[in-house]
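Have a look at the structure below before the remarks.
The values are calculated or read from the model by the stated rules, or taken from the named source; none is laboratory data. None of these values were measured; they are calculated from a predicted model. Cβ placement follows ideal geometry from the backbone for every residue including glycine, while neighbour counts extend to all protein chains displayed.
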Amino acid sequence: MEIPGQIARRVANLVLPDTCVMDGALARAADGATFDNISPRDGRVLNKVPACGVADVDRAVAAARAAFEDGRWRRQSPKDKKKTLFRLAELMERDLDDLALMESLDTGKPISDATNVDIPLAIQSVRWYAEALDKIYGEVGPSNDSKFSYAVHEPLGVIGAITPWNFPLHMAMWKVAPALAMGNSVVLKPAEQSPLTSMRVAQLAIEAGLPAGVFNVVTGFGRPVGEALARHMDVDMITFTGSGAVGRQLMIYAGESNLKRVSLELGGKSPQIVFADCPDLDAAAEAAAWGVFFNQGEVCTAASRLLVQDSIKDDFLRRVTEVARTIKVGDPLDPSTRYGAMISERQMNTALRHIDQSKSEGLNLVLGGERVMAETGGFYVEPTIFDGVHSRSTIAREEIFGPVLGVMTFKDAAEAVQIANDTVYGLASGLWTADLDRAMSMTRRLRAGLVWVNGWDSCDITMPFGGFKQSGFGRDRSLHALHKYADLKSVTFTLREAR
Ligand code: NAP
């Protein structure tokens, strides 16, 4: 596929990283193995990336452990740590355009999203946790005059971070930034489909002056790299964003190894509920469409179940469909594109399989449903809407992680809550209503870690992010994420009278 004129020169000049970072130096897999890194934009090989193995994980973990034990990072003053992380954020900002281009090539997401959303939010995480790191205080316990007790936060040690491909750098920095800010060492394994920006940012961390061994990136596949990290006896915690299936494996690996902590941000089947008294039906329709089709539907909080009060269903579905029709599938590298390629042929086929399944279950296809732009070699699926979905429909139960919206109806608040909670997941939920009492009571009854009223995806880094039920546990974002990467130590002095 021809590269759009205004981007062609940037692509030609872009140097793609092809090394891991271990112990403060660029590194390749010990056995020299590599794998083909494919761009979903056109299905072509972008570059070759190290296919690391167990020996490489051992090396990275040893470097991280050495850095942690001698305190070259954790013992630095908060002021100095902050300076280094701010420097890293500045370097990411300097290279924002290159990072965005890599992210778009690697994932198929629109270059406009990579430039305006993914990379700025990754930079924001680094800055936010740098700013926060000297605002974490311990506590002094109540005691009599013969005792003095206090509790302090101490870093956990070596953190293994395993991250997904949908927002590669953004998700990685939700974990790496607070873990580093707390004084830990990190070994990051980015998803094999989209490793480039993590590899580059690890290089920038060296340039920023982060001591050797504190931030390592090991590329390769879930098995063996992710598994070796999660089974490693010298890793203190695994922090993960990805599928429930892998999340379950990680808990087993932790149990079978050193009982390391596990924090899991998993999938969702998030409901967006629209009542007839919705204060702004056009805004709700916009949110219903973009809530599921943003990032080609590859969003863990995708509003993939639309619950509409039966009295307004036809009108509201018409509005949502009108918005969705304006979402044109396009070349991710065209700056005007707002909807690009899916991450891989496999993920595209998962979406298409669910579409076929929904048709065979007799659901009413309202929009889309096809692979498009196949001649490019890329993996593109149209925004797709099914009406007549019910709680037993496969697309109401299984996470697709693709651009497929299922529309359901309800008669009153009680039924809306019942349908919304009728899922093994509990990540996000939203409701649109002008009735304050109803909104307040529903926010309490919805079993989800995120609830948005009269908006979708409307909070930011200041608020915790994570799920209930099988959407996982542990929180990214906010000060809670800093605490996740720390242990609490209680210290008590027994005091004698001053002589
Ligand atoms: P995935 O298959 O679970 O992969 C996530 C990461 O785990 C990748 O780096 C993967 O490596 C690695 N991995 C795979 N098998 C492993 C194993 N046995 N041991 C250790 N690591 C292993 O998920 P995905 O396909 O990348 O992402 C999609 C899923 O993530 C969806 O279910 C989505 O809902 C969820 N997600 C959740 C959130 C959230 O915040 N809650 C955000 C984004 C995505 P390789 O792929 O390189 O083999």
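A few remarks follow.
- The condition of being within 30 Å of residue 377 (Cβ to Cβ), in contact with a Gly (Cβ under 9 Å, 6 or more places away or on another chain) and surrounded by 15 or more Cβ atoms within 10 Å (Cβ to Cβ) holds for only one of 49, 57, 61, that being 49.
- Close contacts from segment 288-313, counting a first residue that is within 17 Å of residue 408 (Cα to Cα) and a second that is more than 16 Å from the ligand (Cβ to nearest atom) and basic (Lys, Arg), with Cβ to Cβ under 6 Å and a gap of 6+ residues or different chains, come to 310/411.
- Within segment 459-472, if we keep just the residues that are among the hydrophobic types (A, V, I, L, M, F, W, C) and away from the ligand (no atom under 12 Å from the Cβ), the residue that is nearest to the chain's Cα centre (by Cα) turns out to be 461.
- Screening the candidates 111, 162 for the property of being within 16 Å of the ligand (Cβ to nearest atom) and either under 19 Å from residue 475 (Cβ atoms) or under 20 Å from the mean Cα position of the chain (by Cα) (or both) yields one hit, 162.
- Selection within segment 438-458 - more than 13 Å from the ligand (Cβ to nearest atom), part of a loop (DSSP other than H, G, I, E, B) and either out of contact with any Phe, Trp or Tyr (no Cβ under 7 Å at 6 or more places or on another chain) or among the charged types (D, E, K, R) (or both): 446, 447, 455, 456
- Restricting segment 415-437 to residues that are free of Cβ contacts under 8 Å to residues at least 12 places away in the same chain and under 19 Å from residue 269 (Cα atoms), the residue that is nearest to the ligand (Cβ to nearest atom): 418
- Counted residues, segment 296-323 - those being assigned to a helix (DSSP H, G or I), of a type outside the set (D, E, K, R) and surrounded by fewer than 24 Cβ atoms within 10 Å (Cβ to Cβ): 6
- Note on segment 173-200: among residues that are near the ligand (Cβ under 10 Å from one of its atoms) and among the aliphatic types (A, V, I, L, M), the one that is farthest from the chain's Cα centre (by Cα) is 188.
- Residue check, residue 348 out of contact with any Pro (no Cβ under 7 Å at 6 or more places or on another chain), at pLDDT 95 or above and either among the aliphatic types (A, V, I, L, M) or within 16 Å of the ligand (Cβ to nearest atom) (or both): yes
- Some residue of segment 191-202 being under 14 Å from residue 24 (Cα atoms) and touching a Phe, Trp or Tyr at 6+ places or on another chain (Cβ under 9 Å): yes
- Criterion applied to 31, 80, 70, 23 was being surrounded by 15 or more Cβ atoms within 10 Å (Cβ to Cβ) and among the acidic types (Asp, Glu), and the one residue passing it is 23.
- Here residue 60 meets each of (1) over 30 Å from residue 493 (Cα atoms); (2) out of contact with any Cys (no Cβ under 9 Å at 6 or more places or on another chain) with one exception, condition (2).
- Going through (1) surrounded by fewer than 24 Cβ atoms within 10 Å (Cβ to Cβ); (2) over 13 Å from residue 49 (Cβ atoms) one by one, residue 166 falls short only on (1).
- The sole residue among 462, 423 that is of a type in the set (S, T, N, Q), buried (at least 16 other Cβ atoms within 10 Å of the Cβ) and in a loop (DSSP other than H, G, I, E, B) is 423.
- Only one of the listed residues (261, 248) is out of contact with any Pro (no Cβ under 7 Å at 6 or more places or on another chain), surrounded by fewer than 20 Cβ atoms within 10 Å (Cβ to Cβ), more than 14 Å from residue 405 (Cα to Cα) and free of Cβ contacts under 8 Å to residues at least 12 places away in the same chain. That residue is 248.
- Segments classed as helices (runs of 4 or more DSSP H), wholly inside segment 75-144, with at least 1 members that are aromatic (Phe, Trp, Tyr) and within 30 Å of residue 340 (Cα to Cα): 119-132
- Tabulated pairs, segment 193-210, first acidic (Asp, Glu), second part of a helix (DSSP H, G or I), C-beta under 7 angstrom, 6+ apart or interchain: 207/91
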